[in-house]
Amino acid sequence: MEIVMQWIVLGFSAYMVILSGGSHTAFLGLLCCAALCFFSIRARYRREKKLEELILYLMKLQDNPELPEMTKYSEGQLGVLQSELYKLVVQNQEKSAGALKEKEYLAQMLSDISHQIKTPLTSITIMTDLLKNPNLDEEKRAEFIDKIDSQVNRITWLIRNLLTLSQMDANMLKLKKQDVPLRELLLKSCQPFEILAELKEVELSVEADVDIRLICDEHWTAEAVSNIVKNCIEHTQPGGKVWVFANQNNLATNIVIRDNGEGIAREHLPYIFDRFYKAGNQSGDSVGIGLAMSRQMILLQNGTVSVSSEEGVGTEFHIKMYSEVVI
């Protein structure tokens, strides 16, 4: 419609030139009008061409998982439209990639859970069948019942820790800011393993000034320390020792957990905090999530954890909780 009106104006101008006898002024007016119409038509053509390019670009996105290259328009409303379209496309692709990653993670998580639960469930099934034997003596019956109870506890522990890891991954775990006496927290972390240490003939000691206090979530920080302490006891030979000690400065609170056990091979050190990773010296009962959960819990509280080790000498875990805790 706009082009038709421009041609009507141009024709009318030419008609006026003819009526006026073709004066110089009228002729110049006609030229100006013609030039205006030409540039207007040219601008409209270019705009429509750019719109077609944008439409084709959006159509390509439907069939192409990768982001196609796009001609850059730097001026005018088309340039703004293109920029906004590009931002929208990138955001949608990022969301799509994130959703795919979450789906893959969920599938891997379910696979890991299935794998870890399969072994204890198989043991429970076998021992349950053995208990059905009416001729089984009482001593064996009591042994099988204890083993079933142990395997059930293992499955419970595994599921609880996997759920905790999932909550942390989804940012659903609510941590508290509590002013905690650090020595009491460390004693609480070690208390569940005093019997294990005694049975293994491993000395377990805690050294921390009673005046040191830490702003953290008491329950989950104790859980993180507990997993590391348990790991150290399990890999320390009879007659060995596990030390837990702490100090504090203006920047951070430092917790060190050290043992003089078998140590960790150099090739395994970079991976011991990875989920479901098992170093060569781990027991068959280990599922490889305790240290992963400890690291994640410490990171969520603006802390860091590192490890150094030497085979045959021992291992040292160093937890650093910075003074300004972000929860």
Among GLN191, GLN237, LEU299, whose Cα projects farthest towards the positive end of the dipole of the stretch 177-313, with charges put on the beta-carbon of Lys, Arg (+1) and Asp, Glu (-1)? LEU299
Just the accessible area for VAL206, please: 1.4 Å probe, Å², rounded to the nearest 10? 30
When the dipole is taken about the Cα centre of the stretch 175-323, and only Lys, Arg (+1) and Asp, Glu (-1) are charged at their Cβ, what size is it in debye, to the nearest 20? 480
Hey, can you rank 171-182, 130-141 by average C-beta count inside 10 Å, highest first? 171-182, 130-141
Length added when fully stretched, GLU48-ASP137, from 0.36 nm per residue minus Cα-Cα: 22.9 nm
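The values are calculated or read from the model by the stated rules, or taken from the named source; none is laboratory data. Everything quoted here is computed from the prediction, not taken from an experiment. Note that we place each Cβ from the backbone using ideal geometry, even for glycine, and neighbour counts take in every protein chain shown. Calculation scope for accessible area: heavy atoms of the full protein, side chains included, ligands and nucleic acids excluded. Shrake-Rupley method; radii C 1.70, N 1.55, O 1.52, S 1.80 Å.
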